[in-house]
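Visitor: Below you'll find the structure I mean.
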Amino acid sequence: MPEDKPILSGWRCDSCGETISNLDAGRVEWLASADEQEMAKASGLRLVHSERDSTRGSAPHGCRYEQRDEFRKNRKIVEGRPLERFVGPDGLVLILSLIAEHELPTEELLELTRRVQIPGYEQARELFEQALCEGVVMPALAPGYYLQCELQDVLEWAIRKVE
């Protein structure tokens with residue numbers, strides 16, 4: 001459940017909705033399985049708190065998928081890597097390789113790319129619909145693809161609303 005106020009730095013955890021404040025506190029994870037033809041298939045890509053940084057301290061696995069439950073329920077294996085592996089030039093190459101190899105659903109990887117590679121996207125992405133309705137911005141590109149000036153306008157608008 002996302003917080004009511006916009007996050008102004010870091011990333012929003014896809015599990016608890018709280019802020020992941022730094023690279024070491026985040027993890028990208030997904031579920032892997034095999035289809036009827038024994039071909040690898042992955043789903044459920046998400047950005048969550050690392051186990052030690054989870055805000056769900058009482059839950060045994062915090063914000064992360066619970067490996068045994070996922071295997072029992074769906075015969076899926078939990079895979080993932082630290083968030084730091086997905087940022088910067090090497091992180092972009094990793095994501096591009098996952099797209100090229102069809103390792104994960106393309107749309108999920110594209111959204112992750114925007115979240116971790118485009119400055120301001122993570123902070124503005126949940127605000128764009130309301131900003132559009134209020135006439136704050138008129139995007140030049142397709143939905144989900146925003147120029148830096150558009151992201152900046154949305155973030156400045158959000159800051160003014162909070163003050």
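Visitor: Could you say whether any residue in segment 109-116 is crowded, with 16+ Cβ neighbours inside 10 Å and at pLDDT below 95?
Guide: no
Visitor: Residue 96 - would you say it is farther than 30 Å from residue 160 by Cα, touching a helix residue (DSSP H, G or I) at 6+ places or on another chain (Cβ under 6 Å) and in a helix (DSSP H, G or I)? Explain how you work it out, then say what you get.
Guide: On the way: farther than 30 Å from residue 160 by Cα: yes; touching a helix residue (DSSP H, G or I) at 6+ places or on another chain (Cβ under 6 Å): no; in a helix (DSSP H, G or I): yes.
Answer is no for this residue.
Visitor: Then there's this: Is at least one residue of segment 136-148 assigned to a helix (DSSP H, G or I) and at pLDDT 95 or above?
Guide: Scanning segment 136-148 turns up at least one residue that is assigned to a helix (DSSP H, G or I) and at pLDDT 95 or above.
Visitor: So which residues in segment 92-149 are under 20 Å from residue 43 (Cα atoms) and among the charged types (D, E, K, R)?
Guide: 101, 103, 107, 108, 111, 114, 115
Visitor: Pick out the one residue from 122, 129 that is touching a residue at least 12 places away in the same chain (Cβ under 8 Å) and assigned to a helix (DSSP H, G or I).
Guide: Of the residues listed, the single one that is touching a residue at least 12 places away in the same chain (Cβ under 8 Å) and assigned to a helix (DSSP H, G or I) is 122.
Visitor: Does residue 3 fit the bill of being modelled with pLDDT under 80, under 17 Å from the mean Cα position of the chain (by Cα) and either farther than 22 Å from residue 109 by Cβ or charged (D, E, K, R) (or both)?
Guide: Values: modelled with pLDDT under 80: yes; under 17 Å from the mean Cα position of the chain (by Cα): yes; either farther than 22 Å from residue 109 by Cβ or charged (D, E, K, R) (or both): yes.
Here the answer is yes, as residue 3 does meet what is asked.
Visitor: Also, I was wondering about something else. Kindly indicate whether residue 96 is surrounded by fewer than 13 Cβ atoms within 10 Å (Cβ to Cβ), modelled with pLDDT of 95 or more and of a type in the set (A, V, I, L, M, F, W, C). If you could, list the steps in order and put the result at the bottom.
Guide: Working: surrounded by fewer than 13 Cβ atoms within 10 Å (Cβ to Cβ): yes; modelled with pLDDT of 95 or more: yes; of a type in the set (A, V, I, L, M, F, W, C): yes.
Here the answer is yes, as residue 96 does meet what is asked.
Visitor: For segment 135-154, which residues satisfy the criterion of being surrounded by 13 or more Cβ atoms within 10 Å (Cβ to Cβ) and free of Cβ contacts under 8 Å to residues at least 12 places away in the same chain?
Guide: 139, 147
Visitor: Considering only segment 61-93, state which residues are surrounded by fewer than 16 Cβ atoms within 10 Å (Cβ to Cβ), more than 20 Å from residue 123 (Cα to Cα) and free of Cβ contacts under 8 Å to residues at least 40 places away in the same chain.
Guide: 66, 67, 68, 69, 71, 72, 73, 89, 90, 93 - these are the residues of segment 61-93 that are surrounded by fewer than 16 Cβ atoms within 10 Å (Cβ to Cβ), more than 20 Å from residue 123 (Cα to Cα) and free of Cβ contacts under 8 Å to residues at least 40 places away in the same chain.
The values are calculated or read from the model by the stated rules, or taken from the named source; none is laboratory data. Note that this is a predicted model, so its numbers are computed, not measured. Counting neighbours? That spans all protein chains shown, and the Cβs are built from the backbone with ideal geometry, glycine included.
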